[in-house]
Amino acid sequence: MDKSVKTRFENYPDAVRNKLEVLRNLILKTAGHLQLGAIEESLKWGEPSYHVKTGSPIRIDWKPDTPHNCYVFFNCNTKLVDTFRVLYGDVLAFQGNRTIVLNLSAALPEPVLRHCIELALTYKKRKHLPLLGA
């Protein structure tokens with residue numbers, strides 16, 4: 001784990017850290033399963049960020065002013081969240097065109113999140129396809 005990301009994770013409350021570690025592992029495992037090469041892990045805007053050459057960056061975070069939620073952020077200049085809304089609007093909650101909102105007390109919808117992560121990590125290959133080829 002990148003040193004700055006590790007420090008950021010250490011500063012989250014325990015319950016938050018646990019949920020964000022599950023999200024981090026889901027991102028890393030999905031990238032590995034897709035054999036996308038090295039994943040860059042860093043802090044962007046103070047948030048853990050994950051990026052591969054074939055995709056669009058994914059960031060995860062928690063905000064003290066909304067303590068019951070954590071967030072998965074995507075580039076707002078992509079079609080990612082609009083596509084997720086069409087595919088999974090009945091399962092996921094969103095903010096604007098860049099964020100999936102996850103309730104900390106609810107179980108993560110891992111298969112749905114894994115698919116969203118896959119679409120983001122392969123975005124450059126899919127961006128011209130209707131619904132990103134989903």
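Structure above, values below:
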| read-out | value |
| --- | --- |
| Members of the range 95-126 that are within 14 Å of THR66 (Cβ to Cβ) and crowded, with 16+ Cβ neighbours inside 10 Å | THR99, ILE100, LEU102, LEU104 |
| Scan of the range 18-40 for residues that are at negative phi, surrounded by fewer than 16 Cβ atoms within 10 Å (Cβ to Cβ) and not hydrophobic (A, V, I, L, M, F, W, C), ordered by number | ASN18, GLU21, ASN25, LYS29, GLY32, HIS33, GLU40 |
| Strands (runs of 3 or more DSSP E) contained in the range 1-103 and holding at least 2 residues among the β-branched types (Val, Ile, Thr) | 58-62, 99-103 |
| Conditions (1) of a type in the set (A, V, I, L, M); (2) closer than 25 Å to THR7 by Cβ; (3) modelled with pLDDT of 95 or more; (4) touching a strand residue (DSSP E or B) at 6+ places or on another chain (Cβ under 6 Å): number failed by ALA93 | (2) |
| Test: residue in the range 71-93 that is over 21 Å from ALA134 (Cα atoms), in contact (Cβ under 8 Å) with a residue 24 or more places away in the chain and not small (Gly, Ala, Ser) | yes |
| Test result for ALA134, of a type in the set (Gly, Ala, Ser) and exposed (fewer than 15 other Cβ atoms within 10 Å of the Cβ) | no |
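The values are calculated or read from the model by the stated rules, or taken from the named source; none is laboratory data. Given the structure is predicted, the values throughout are model-derived calculations rather than measurements. Positions of Cβ are generated from backbone atoms using ideal geometry, with glycine treated the same way; all protein chains shown enter the neighbour counts.
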